[in-house]
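Here is the structure we will look at, set down as structure tokens.
The values are calculated or read from the model by the stated rules, or taken from the named source; none is laboratory data. Nothing here was measured: the structure is a model prediction, and the numbers come from that model. Positions of Cβ are backbone-derived with ideal geometry, glycine not excepted, and every protein chain shown enters the neighbour counts. Remember, those area values only see protein heavy atoms, side chains included, never the ligands or the DNA or RNA. Shrake-Rupley method; radii C 1.70, N 1.55, O 1.52, S 1.80 Å.
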Amino acid sequence: MLTTLSRMALGAILGALSVCAGAADLRIGMSADITSLDPHHINIAPNNNALWHVFEALTHVDADARLVPGLAESWRAVDGTTWEFKLRRGVKFHDGADLVADDVLASIERARRLEAGGGQFGSFVKAIKDARAPDAHTLRFVTEKPYAMLPYDLNSIFVIARKAALASTEDFNGGKVTIGTGPFKLASFKRGDRVELVRNDAYWGPKAPWDKVLLRVLPSDPARIAALLSGDVDMIDNIPTADAARLKGNQAFRLAQKVSWRTLFFHLDQGRDNPPGVTGKDGKPLAKNPFKDLRVRQAISKAINRAALVDRVMEGSALPASNIVAPPVFGHVKAIVPEPFDADGARKLLAEAGYADGFALVLAAPNNRYVNDDQIAQAVAQMLARVGIQVKVETYPAATYFTKARNGDFAFAMLGWGSFSGDLALRALLATPNADKGYGSWNWGKHSLPRVDQLLDTGFASTDEKKRETLAVEAGTLALRNVGVIPLHHQLATWAMRKNLQYQARTDEYTFAQFVKPD
């Protein structure tokens, strides 16, 4: 009789043999739920990861998070406020229709229109005051003032067919209008379970090596690992650190790893007078919001032992963070180093702020979105308890967590973020919320420093990269020294797959089936 481990090993061997024998199906275990296939609705990485298989944008990103041509083969600044994009010729939608400039205009307008009903992509088109198509393969975008970031912003706008511009989210989730130009076509979508794809043989770029692809939702770490070991899937993402160490020693599998652009940090509510979950230790309301006091924010940062988090919780698969973007990323502030652990200093600052006896808070985090997210939350809670802050940890599945967070249900909440650059991260996370400008769209803590906003405005208007980075660093320095958020670590992204597969690890952490290659 085979043991469980024997059956798992046999499954892995048989699965590997099937791929070697020419099977053209690929099954990927995804660590987070895919909640929607509406390309202009919910802007979260798991959804976008799935959508990139079906849809594309004017610009793409390579494995090192560098901007490269996408549906647009080129772009240029015509003058200070006008950008021109040239579309690739011969690109077709999955139904055979030609891609033309009007499809792009319809996509931009839909992203803008859906924002009023909760769509999260409108901020990426805020700068566009006028959009026109001089011909079927040329687009011209006019901004109110010089704006250097438009090619980056348009990387976030998936292009749909103009005939689907008025379609509902249900139409996209049901597959009725889920027709893009990407390397795969949608076969079916079952929320909470799977996305099934088939190869687009008419794709304009290199053809994917797989006839069919299954993106299987497996948010439980043990279930995802078991599925790989048993041969139920060929590849998984977001590998728990302990399992990564074990898989490295298993000759049936291969790992791919890279320092990602994702930084984990905590938002602190600095806007409301009585934020939810923040009380005295007796459960009674406090006279004021402690997070509005810089000394309290500094104390919490000092109380967190980042080296211990990296060594013990992340088992070395992370780098201690002081910034909201990782060291290689444009706009990283080199002068700000990770806060040293200093429990005595934390207690002293709390006492100076009037909280010598501490207070109580609820720490909110997802439990299936980031590597070891629930363990990180528990470890931070213990660290804060040692300086007198009583912590109750509440964790939720990612889909529930992000809904509650955006509804303002949390005052102390974990978030992971990846970005092309420090100034773009600041715009979303720490700029003063301003819907008209697209600032602060993920600023859960309502942090606000007018000087940061001014520096971002000036930087985004400059096409001089050196000047823009100088301004980004200055803005980042102000926001970080003001402890607008509390950075924890920069995450290492890890994938595990059968030994006969190869995948180039990506800075943006996305898992793209078209780039998974059989040996």
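Name the shape class, rounded, prolate or oblate, that the alpha-carbon gyration tensor gives for region 57-171, where a ≥ b ≥ c are the square roots of its eigenvalues, rounded holds for a/c under 1.5, and otherwise prolate holds if a/b is larger than b/c and oblate otherwise.
rounded
Using all C-alpha to C-alpha distances in region 386-476, build P(r) with 10 Å bins and read off the rounded percent in each one.
15, 40, 27, 15, 3
Going Cα to Cα from K446, which aspartates and glutamates come in below 15 Å? Please leave out same-chain ones fewer than 8 positions away.
By straight Cα distance, K446 reaches D269, D273, D293, D409.
Debye sum, Cα scatterers, region 53-102, no solvent: what log₁₀ I/I(0) at q = 0.25 1/Å?
Once normalised to I(0) and log-transformed, intensities are -1.02.
Where the Cα atoms of region 430-472 are projected onto their three principal axes, how long is each span, largest first, in whole Å?
30, 17, 15
Of K129/K466; K92/K190; K185/K499; K92/K185; K258/K404, which pairs sit farther than 19 Å apart, going by alpha carbon to alpha carbon?
The answer is K129/K466; K92/K190; K185/K499; K258/K404.
Under the 0.36 nm per residue contour assumption, what length would be gained going from the current alpha-carbon distance of R113 and D357 to full extension?
Value of the extension gain: 82.9 nm.
Per residue, what volume in Å³ does the Cα convex hull of region 255-375 take up?
Enclosed volume per residue, from the Cα hull, is 135 Å³.
Which three lengths, in whole Å and largest first, does region 217-269 cover when its Cα atoms are put on their principal axes?
If we take the Cα atoms of region 217-269, the spans are 45, 22, 16 Å.
Kindly report, to the nearest 10 Å², the accessible surface of D153 as traced by a 1.4 Å probe over protein heavy atoms only.
Surface accessible to solvent at D153 totals approximately 10 Å².
Could you give me the radius of gyration and the Dmax of region 201-300, taking only the C-alpha atoms into account and expressing both in angstrom?
23.0, 65
I need the Kirkwood Rh of region 442-519: take the reciprocal of the average 1/r across all distinct C-alpha pairs and report it in angstrom.
After inverting the mean inverse Cα-Cα distance, the result is 16.0 Å.
Could you work out how far apart the two model spin labels at K284 and L255 are, taking each label as a point 7 Å from the Cα in the direction of the beta carbon, and quote it in nm?
Placing both labels 7 Å beyond Cα along the Cβ direction yields 5.2 nm.
Which log10 I(q)/I(0) values, to two decimals, does region 403-450 give at q = 0.30 Å⁻¹ under the Debye formula with one point per Cα?
For region 403-450, the Cα-only Debye profile gives -1.19.
Give the accessible area for S419 in Å² (nearest 10); use a 1.4 Å probe, count only protein heavy atoms, and leave out ligands, DNA and RNA.
10
Given a 1.4 Å probe and heavy atoms of the protein chains only, how would you sort D62, D103, largest accessible area at the top?
From most accessible down to least: D62, D103.
Indicate the gyration tensor shape class of the chain (rounded, prolate or oblate), computed on the Cα atoms with a ≥ b ≥ c the square roots of the eigenvalues: a/c under 1.5 is rounded; otherwise a/b larger than b/c is prolate and the rest oblate.
oblate
Could you sort 129-138, 482-491 so that the peptide with the highest average Cβ count within 10 Å comes first and the rest follow in order?
Top to bottom by mean Cβ count within 10 Å: 482-491, 129-138.
Compute the semi-axes of the equivalent ellipsoid of region 361-519, taking the square root of 5 times each eigenvalue of the Cα gyration tensor, and list them largest first in whole Å.
29, 26, 14
What is the spin-label model distance, in nm, from Q390 to K190 if the labels are put 7 Å beyond Cα along the C-beta direction?
Distance between label points: 4.6 nm.
Cα centroid distance between region 174-248 and region 35-82, in Å?
So the two Cα centres are separated by 20 Å.
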